[in-house]
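The values are calculated or read from the model by the stated rules, or taken from the named source; none is laboratory data. Worth saying up front: this structure is predicted, and the values here are computed from it rather than measured. No Cβ is skipped: glycine too gets one built from the backbone with ideal geometry, and neighbour counts run over all protein chains shown.
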Amino acid sequence: MNSPSSRPLKYTQLIESGLDLFRRFGVRRVTVEEICRHAVVSKMTFYKYFRNKNDLVKTILDDLIQESYRLQDELQQAPVPFTEKVQRIIQFKAERARDLSGEFINDIYRDIPELKEYMGTQMQIGFQRTMAFFNDAQKQGQIRQDIHPSFLLYVTNQIVNWYLDPELQRQYETQEALVTEIVQFYFYGICTDSCTHED
């Protein structure tokens with residue numbers, strides 16, 4: 001059942017309903033009964049596809065993670081400037097983070113041990129993939145040779161938090177304008193060429 005297009009309808013309904021409820025209320029506050037009611041599916045059908053609620057959460061997270069991997073793979077091959085690739089990654093990460101409630105994020109990263117362990121493993125895989133993405137760009141001369149890719153990964157993750165900051169968002173007419181400025185600052189800093197040279 002790895003391909004979403006080949007999934008049975010009721011399986012898909014459970015995933016979509018679970019994601020909708022988890023996004024709004026977090027994992028702990030949502031019951032299997034509520035998921036089934038929202039999906040218009042019986043509990044018997046739920047347990048046909050999932051061992052328990054955490055199993056459903058992992059399936060949903062797998063879908064979100066695989067979507068991010070597909071984007072990264074596409075960008076790695078795309079004939080566009082590296083700055084545009086990073087801009088798309090930041091926008092994607094920010095949009096996904098904005099879609100999830102703080103309670104959901106806390107549940108999967110901190111409050112539910114099984115999900116925390118699962119996400120820890122997935123984050124390590126994601127870390128390695130993103131490092132490979134930056135290493136490849138560095139080999140192609142798109143990133144300075146004297147900068148460590150792990151620093152770029154750290155900064156990219158921090159930038160997502162900037163993008164989600166309501167106070168900063170209010171300073172810009174559109175979210176696209178904000179992310180463009182963030183990416184330009186990320187790559188070019190605040191100086192013109194002349195400010196790096198003394199008269």
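Remarks
- With respect to the conditions (1) within 25 Å of the chain's Cα centre (by Cα); (2) over 24 Å from Glu103 (Cα atoms); (3) of a type in the set (S, T, N, Q), Ser17 falls short on a single one, namely (2).
- Filter result (closer than 21 Å to Tyr109 by Cα, assigned to a helix (DSSP H, G or I) and modelled with pLDDT of 95 or more) within region 23-46: Val32
- Criterion (assigned to a loop (DSSP other than H, G, I, E, B) and among the hydrophobic types (A, V, I, L, M, F, W, C)) met by exactly one of Ile143, Ile159: Ile143
- Of all residues in region 129-180 being under 15 Å from the mean Cα position of the chain (by Cα) and closer than 19 Å to Asp73 by Cβ, the one that is surrounded by the most Cβ atoms within 10 Å (Cβ to Cβ): Thr130
- Among the conditions (1) surrounded by fewer than 19 Cβ atoms within 10 Å (Cβ to Cβ); (2) part of a helix (DSSP H, G or I), the only one that Arg51 does not satisfy is (2).
Condition check ((1) touching a Leu at 6+ places or on another chain (Cβ under 6 Å); (2) surrounded by 14 or more Cβ atoms within 10 Å (Cβ to Cβ)) across all residues:
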| position | (1), (2) |
| --- | --- |
| Tyr11 | no, yes |
| Val30 | yes, yes |
| Met44 | no, no |
| Leu100 | no, yes |
| Glu117 | no, no |
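- Yes/no for Leu61 being in contact (Cβ under 8 Å) with a residue 40 or more places away in the chain and under 18 Å from the mean Cα position of the chain (by Cα): yes
- Taking the criterion of being farther than 13 Å from Ile90 by Cβ and of a type in the set (Ser, Thr, Tyr), the residues of region 122-170 that qualify are Ser150, Tyr154.
- Residues located in region 98-138, provided they are closer than 17 Å to Leu153 by Cβ and of a type in the set (Lys, Arg): Arg129
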